[in-house]
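The values are calculated or read from the model by the stated rules, or taken from the named source; none is laboratory data. Remember, predicted model here, so these are calculated numbers, not experimental data. Here the Cβ is made from the backbone with ideal geometry for all residues, glycine too, and neighbour counts use every protein chain on show. Accessible surface is based on the protein model in full, side chains and every heavy atom, while ligands, DNA and RNA are left aside. Shrake-Rupley method; radii C 1.70, N 1.55, O 1.52, S 1.80 Å.
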Amino acid sequence: MRDILNALQRLQAITKQLRDPVNGCQWDRQQTFASLKSYTLEETYEVLDAIDKQDMDELKKELGDLLFHIVFYADLAQEQGSFNFDEICLSVVDKLVYRHPHIFTEKKNEKTNWEQLKQKERDQKAQYSLLDDIPQAIPALMQAEKIQKRCASVGFDWHDIKTVLDKVKEEIGEVEQELERTKQDPQKIEEELGDLLFATVNLARHLKVKSELCLQQANKKFTRRFQQVESILKQKNLSLIDATLEQMEDAWQSVKQLEQIKLNSEVNKND
């Protein structure tokens, strides 16, 4: 435990040294809460990428980068007299204890009502809407899921998968209607596409899958297949610029067929 504390204290000391007004790093001295936002988001996704790759050594490094950001924010806040690193730790300790009364109090047999506890926290912050404290900066798919889960907690939700699927089909129909208009309204098309995405997130939630992760996997699959299309075209001495859409589509279908053959082979091997 002492070694861990020493390591954390060293990280805090290095952070302060980097932000020293005289002998520190110019880039670190110039950073603010706002300027660090995009870097923190990037570090978070790098942590998730390391988890997906099951690369523990890389995960250790990426978690270190993310921890550095937390220490950096704490140093910024301490300079402004707002809070310090210890107070960050205490705030999460208090929250964990408060949200787990069945663990940390005598009410060990009582089932914790998460939404009631969170609503009390919102009331204390004068956030009286059920949706007040949903972060605006998180990815839109994750935000949509949080909104839907929050509403579902008070019964405002579809109760069977068919109605959810019907809603997705309805939204597709409304997009089609907008596209069929003689004079298309880009703003209205954008609105209908947004409704379709929101309904699709709802479908994913009811199927108990994360829409953000689904899209990430779809992105990876598309990237993998497209890179194989590039390889096939290269073998035919064709560049992407020179190849026709038909040639690219033929290569795409070849990639899908090869994937299916490989999948069937693995299934037969396991049988």
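Counting 0.36 nm for each residue step from LEU96 to TYR45 and taking away their Cα separation leaves a gain of 15.9 nm.
When the Cα positions of LEU76, TRP27, THR223 are compared along the charge dipole of the chain, LEU76 comes out farthest toward the positive end, with charges on each C-beta of Lys, Arg, Asp and Glu. Of the residues PRO101, TYR45, LEU11, the one whose Cα sits farthest toward the positive end of the charge dipole of the chain, with +1 on the Cβ of Lys and Arg and -1 on the Cβ of Asp and Glu, is PRO101. One chain, two ends: ILE147 and GLU246. Fully extended at 0.36 nm per residue, the span grows by 31.4 nm beyond their Cα-Cα distance. Taken along the Cα-to-beta-carbon direction at a fixed 7 Å, the label points for LEU36 and LEU8 span 1.7 nm. Under a Gaussian network description of the chain, with springs only between Cα atoms under 10 Å, the residue in GLN143, GLN30, GLN217 that fluctuates furthest is GLN30. Heavy atoms only, probe 1.4 Å: what % of the accessible area of the chain goes to carbon and sulfur, would you let me know? Of the solvent-accessible surface of the chain, carbon and sulfur hold 56 percent.
Label separation (GLU190 vs GLU230): 3.1 nm, computed from points 7 Å beyond Cα along the C-beta direction.
Over 22 Å between Cα atoms, which of LYS120/LYS208; LYS120/LYS167; LYS95/LYS146 qualify? Beyond 22 Å between Cα atoms: LYS120/LYS208; LYS120/LYS167.
Taking 14 Å as the straight-line reach from the Cα of LYS16, the aspartates and glutamates in range (excluding those fewer than 8 positions away in the same chain) are ASP28, ASP75, GLU79. Placing +1 on the Cβ of every Lys and Arg and -1 on the Cβ of every Asp and Glu, with no other charges, gives the chain a dipole of roughly 780 debye about its Cα centre. Rounded if a/c is under 1.5, else prolate if a/b is larger than b/c, else oblate: which is segment 10-98, with a ≥ b ≥ c the root eigenvalues of its Cα gyration tensor? In terms of gyration-tensor shape, oblate. Cα centroids of segment 176-215 and segment 218-271: 28 Å apart. All other residues whose Cβ lies under 12 angstrom from that of PRO186 are scored, Lys and Arg at +1 and Asp and Glu at -1, for a net of -2. So if R0 is 41 Å, what FRET efficiency would GLN253 and GLU87 give, r being the distance between their Cβ atoms, rounded to the nearest 0.05? So the FRET efficiency works out to roughly 0.10.
Where the centre of each part is set by its Cα atoms, how far does segment 46-74 sit from segment 2-44, in angstrom? Taking the Cα centre of segment 2-44 as reference, the centre of segment 46-74 is 15 Å away. Candidate cross-link partners of LYS60 among the aspartates and glutamates, defined by an alpha-carbon separation under 20 Å and a same-chain spacing of 8 or more, comprise ASP3, GLU42, GLU43, GLU46, ASP49, ASP52. The GNM of the chain, with springs linking C-alpha atoms under 10 angstrom apart, assigns the highest mean-square fluctuation among LYS162, LYS16, LYS234 to LYS234. Spin-label model, GLU266/ASN23: points 7 Å from Cα along the beta carbon direction are separated by 5.5 nm.
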